[in-house]
Each structure stands twice: as C-alpha cells, then as structure tokens.
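Shown next, in structure tokens, is the structure this report addresses.
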Amino acid sequence: MNLILLGPPGAGKGTQSELIASKYGIVQLSTGEMLREAVKAGTPIGQQAKALIEAGKLVPDEMVVGIISERIDQPDCENGFILDGFPRTLGQASALEKLLDEKGKTLDAVIELRVDDEAMVERITGRYSCAKCGAGYHDKHKQPEVSGVCDKCGSTQFTRRADDNEETVRARLLAYYRSTAPLIGYYFAKDRYNFVDGMADIDEVAKQIEAILG
C-alpha cells in the first residue's frame, strides 16, 4: 500500500502517518528525514545535496525524487510507504508518478487532512512544551494539572517554537494552499483523492482514514 498524506503544517500528518504505518506494516517517509539520512550515509545524491545545503541553496526536485527513489528501493518499503510532505507541487507530483511507473508501483490513495484555518492558527500558536522532557501542552486545550509544572517530569521550564506565531502560521497556510490546491484536482482526476476532517481528535481522524483504506 502506497499513500500520500496532504495537509498544512500542524494538521497532524506525522501523527496519522505513524498510526497508519504501525497498523498496516508500511513505512513512514518524510522527505526532510530522507534527505538528512542520505547526506549522513554519503550516498551519491546525498553528497550532492550536502554541497547545495552547505552553499545555502535549495535542493532541486529531481534530487529529492532521486532520494525517494533510493529510499523506496530498500527492503523495508516492500509492503508500501506513506509520503508525508511530498509532493507539494504539480511538478513534483508528475515526477513522482513517473518514478513509480518506472518501478512498477502505484499510489493507492491520496488523503488530505482538511482543516479550518482559524482553528489551525489557534491550535498552533497556543502550543508549547516542557523544556526538559518535551511533553506537549496548549494554552487552551491542554494545560498542566498544576499550573506551571510539567505533569510528566515536574519541571517548571517551558518553551515555544519561534515560528509558532500567528504571522508565520498564516504565511505557511497560504503557501500550502497555493501549492497544494492544484494537487487536489490532479489526484481527483486520477481517482486517488480523499479527505478527512483534520480538526477531529486523533482517534476519529484515524477511523476516517481506516474507512478510506478499508
């Protein structure tokens, strides 16, 4: 089973990918993680990517597709994979389709975690975590049982991601919709597109995804 999860930052793609991977025995693939692994392993494409990154340049689509190609050839991807965060543009979608055709593989489903923009801004800007153990909290939805004290480790030190502010979140949402909207039509035309309510709780989203996958 080969899947793509679509959704803006903070929609829960990573969480759902982990649940799907565990349930169906397939591999969760993040392009960022694959890129770091290729650089660390010193593969030919990884070496090229490292040179570009060190020069402060973007890694081109064809190189990212090459890294995906290397990764899905590995034995643990034999049962399938979930791509999280790729493709993001029509060009990437076309390149991915060509790659899979060459390998005799197909996409079984593309699932978008559809979100409410205003609720997403609130969800992301309100989150923070324990600086010691990493336990996650939220200003509105998940406060520590004792104010200012981490439930898990008792630390009183908390931190927020620098980019979890309203201006940055709205910019990321806009960038997502600009690049992803064409993908919805692209995969809908190929009878691969599905969507679930990304604002539901984690278990409910998982149930909706399972209903699609059967």
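Residue-wise test of (1) closer than 25 Å to Thr89 by Cβ; (2) more than 20 Å from the chain's Cα centre (by Cα).
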position: Glu122; (1), (2): no, no
position: Arg127; (1), (2): no, no
position: Tyr137; (1), (2): no, yes
position: Asp151; (1), (2): no, yes
position: Ser155; (1), (2): no, yes
position: Ala162; (1), (2): no, no
position: Val169; (1), (2): yes, no
position: Leu174; (1), (2): yes, no
position: Ala181; (1), (2): yes, no
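Within the range 52-69, the set of residues being more than 22 Å from the chain's Cα centre (by Cα) and surrounded by 11 or more Cβ atoms within 10 Å (Cβ to Cβ) comprises Leu52 only.
Does the range 152-172 hold any residues that are of a type in the set (A, V, I, L, M, F, W, C), surrounded by 11 or more Cβ atoms within 10 Å (Cβ to Cβ) and part of a loop (DSSP other than H, G, I, E, B), and which are they? Within the range 152-172, just Cys153 meets the criteria.
Taking the criterion of being surrounded by fewer than 20 Cβ atoms within 10 Å (Cβ to Cβ), part of a helix (DSSP H, G or I) and at pLDDT 85 or above, the residues of the range 15-33 that qualify are Thr15, Glu18, Leu19, Ala21, Ser22, Lys23, Tyr24. Scoring Arg123 on the criteria (1) under 30 Å from Thr156 (Cβ atoms); (2) part of a loop (DSSP other than H, G, I, E, B) leaves a single failure, condition (2). Could you say whether any residue in the range 81-89 is in a strand (DSSP E or B), surrounded by 17 or more Cβ atoms within 10 Å (Cβ to Cβ) and touching a Gly at 6+ places or on another chain (Cβ under 8 Å)? So far as the range 81-89 goes, yes, one or more of its residues are in a strand (DSSP E or B), surrounded by 17 or more Cβ atoms within 10 Å (Cβ to Cβ) and touching a Gly at 6+ places or on another chain (Cβ under 8 Å).
Checking Ile45, Ile53, Ile68, Ile4 one by one, the residue that is hydrophobic (A, V, I, L, M, F, W, C) and in contact with a strand residue (DSSP E or B) (Cβ under 6 Å, 6 or more places away or on another chain) is Ile4 and no other.
Answer with yes or no whether Lys50 is without any contact (Cβ under 8 Å) to a residue 12 or more places away in the chain and closer than 24 Å to Ala189 by Cα. Break it down stepwise before answering.
Working: without any contact (Cβ under 8 Å) to a residue 12 or more places away in the chain: yes; closer than 24 Å to Ala189 by Cα: no.
Considered against the rule, which asks whether it is without any contact (Cβ under 8 Å) to a residue 12 or more places away in the chain and closer than 24 Å to Ala189 by Cα, Lys50 comes out as no.
Looking at Val149, Val110, just one residue is surrounded by 12 or more Cβ atoms within 10 Å (Cβ to Cβ) and either closer than 17 Å to Gly85 by Cα or touching a residue at least 12 places away in the same chain (Cβ under 8 Å) (or both), and that residue is Val110. Filtering the range 184-212 to residues that are farther than 22 Å from Thr15 by Cα and either within 16 Å of the chain's Cα centre (by Cα) or not in a helix (DSSP H, G or I) (or both) leaves Lys190, Asp191. Among residues of the range 74-91 that are under 15 Å from Met1 (Cβ atoms), those with a beta-carbon under 8 Å from a residue that is of a type in the set (D, E, K, R) and not in a helix (DSSP H, G or I) at least six positions away or on a different chain give the pairs Gly80/Asp108.
Which is under 30 Å from Ile124 (Cα atoms), in contact with a Leu (Cβ under 9 Å, 6 or more places away or on another chain) and among the hydroxyl-bearing types (Ser, Thr, Tyr), of Thr89, Thr15?
Values: Thr15 fails: in contact with a Leu (Cβ under 9 Å, 6 or more places away or on another chain).
Matching residue, one of Thr89, Thr15: Thr89.
Going through (1) under 17 Å from the mean Cα position of the chain (by Cα); (2) modelled with pLDDT of 90 or more one by one, Glu118 falls short only on (1).
The values are calculated or read from the model by the stated rules, or taken from the named source; none is laboratory data. These figures come from a predicted structure and were not determined experimentally. So basically every Cβ, Gly included, is an ideal-geometry build from the backbone, and we count neighbours across all protein chains shown.
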